[in-house]
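Asker: Starting off with a structure, shown below.
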Amino acid sequence: MKEDMHYIIDVPQIDELKTKAENLVKEMPGMMPGSQMQGLLTHKQHTASVGEWQKQISTASLFSYFSMTCLLHQFPGQLITDLSILSSCKAMVIFDRMNTFKTLVDRQNLTSKHYQADEQPSQIIALMTLAGVNSIVINNWSTTPEDNLKQYEHVMKSVLQDGNYLGTYGLRKHFKN
């Protein structure tokens with residue numbers, strides 16, 4: 001449902017990225033006529049509380065998350081396992097783990113000693129799939145914030161403007177003949 005798309009975008013403290021994220025948030029509803037995008041742009045508003053996370057995800061048909069911090073560190077797995085939270089969310093776009101540059105990492109977010117970067121995408125996919133999310137696009141490894149924002153923008157344009165399925169975007173992007 002194009003009226004129920006939600007996002008949480010948490011860009012690093014880089015002016016160029018903040019400006020690009022703001023412009024993208026303004027452009028997204030116009031990419032798909034009649035659509036509505038609601039959410040939080042953290043550098044303009046505030047960091048999402050657990051209740052806001054629950055509201056954004058539970059009322060979204062498409063939920064997108066963009067941050068340097070892993071989704072599982074912001075929105076705990078025990079809340080994800082409450083299946084009612086994800087009952088209406090059918091698709092997710094998750095671009096996180098942009099921590100290749102240690103100077104940009106948010107040092108206030110502690111990483112669990114049990115965290116293994118290589119397993120995190122699989123864990124999110126497994127949890128979200130078990131909870132009923134049908135389509136998930138997620139970055140598989142850490143990248144620069146600039147590259148991740150560019151990829152996020154391409155995915156959103158492909159889905160909203162061009163009308164492609166999330167999986168189709170991945171296939172067209174990476175498996176061209």
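The values are calculated or read from the model by the stated rules, or taken from the named source; none is laboratory data. Remember, it's a predicted structure, so these values are computed and weren't measured experimentally. Heads up, the Cβs are rebuilt from the backbone with ideal geometry, glycines too, and the neighbour counts pull from every protein chain shown.
Asker: Quick check: anything in the range 21-38 in contact with a His (Cβ under 9 Å, 6 or more places away or on another chain), crowded, with 17+ Cβ neighbours inside 10 Å, on the phi < 0 side of the Ramachandran plot and assigned to a helix (DSSP H, G or I)?
Answerer: Checking the range 21-38: at least one residue is in contact with a His (Cβ under 9 Å, 6 or more places away or on another chain), crowded, with 17+ Cβ neighbours inside 10 Å, on the phi < 0 side of the Ramachandran plot and assigned to a helix (DSSP H, G or I).
Asker: Another one. Can you pull out every residue in the range 14-38 that is over 17 Å from Met68 (Cβ atoms) and either hydrophobic (A, V, I, L, M, F, W, C) or in contact with a Phe, Trp or Tyr (Cβ under 7 Å, 6 or more places away or on another chain) (or both)?
Answerer: Val25, Met28, Met31, Met32, Met37
Asker: Would the range 71-87 turn up any residue that is surrounded by 14 or more Cβ atoms within 10 Å (Cβ to Cβ), closer than 22 Å to Leu160 by Cα and at pLDDT 80 or above?
Answerer: no
Asker: With the requirement that a residue be aliphatic (A, V, I, L, M) and not in a loop (DSSP other than H, G, I, E, B), what does the range 39-57 give you? Walk me through it before giving the result.
Answerer: Narrowing the range 39-57 to residues aliphatic (A, V, I, L, M): 40-41, 48, 50, 57.
Once the filter is applied, which keeps residues that are aliphatic (A, V, I, L, M) and not in a loop (DSSP other than H, G, I, E, B), the range 39-57 yields Leu40, Leu41, Val50, Ile57.
Asker: Residues Lys55, Lys18: which one is in contact (Cβ under 8 Å) with a residue 24 or more places away in the chain and within 17 Å of the chain's Cα centre (by Cα)? Before the answer, list the steps.
Answerer: On the way: Lys55 fails: in contact (Cβ under 8 Å) with a residue 24 or more places away in the chain.
From the options Lys55, Lys18, the qualifying one is Lys18.
Asker: Still on this model: Which of (1) touching an Asp or Glu at 6+ places or on another chain (Cβ under 6 Å); (2) under 27 Å from Leu130 (Cα atoms); (3) among the hydrophobic types (A, V, I, L, M, F, W, C) does Leu24 not meet, given it meets every other one?
Answerer: Only one criterion is unmet by Leu24, namely (2).
Asker: Quickly run through the range 3-20 and pick out the residues that are within 14 Å of Gln56 (Cβ to Cβ) and either in a helix (DSSP H, G or I) or not hydrophobic (A, V, I, L, M, F, W, C) (or both).
Answerer: First pass over the range 3-20, keeping only residues within 14 Å of Gln56 (Cβ to Cβ): 4-10.
Passing the criteria: Asp4, His6, Tyr7, Asp10.
Asker: Here's another thing I want to ask about it. Would you be able to say whether some residue in the range 100-108 is of a type outside the set (A, V, I, L, M) and either at pLDDT 75 or above or surrounded by 13 or more Cβ atoms within 10 Å (Cβ to Cβ) (or both)? Before you say what the answer is, go through the steps one by one.
Answerer: Taking the range 100-108 first, the residues of a type outside the set (A, V, I, L, M) are 100-103, 106-108.
Now narrow it down to the ones that are either at pLDDT 75 or above or surrounded by 13 or more Cβ atoms within 10 Å (Cβ to Cβ) (or both): 100, 106.
Looking for residues that are of a type outside the set (A, V, I, L, M) and either at pLDDT 75 or above or surrounded by 13 or more Cβ atoms within 10 Å (Cβ to Cβ) (or both), one finds at least one in the range 100-108, hence yes.
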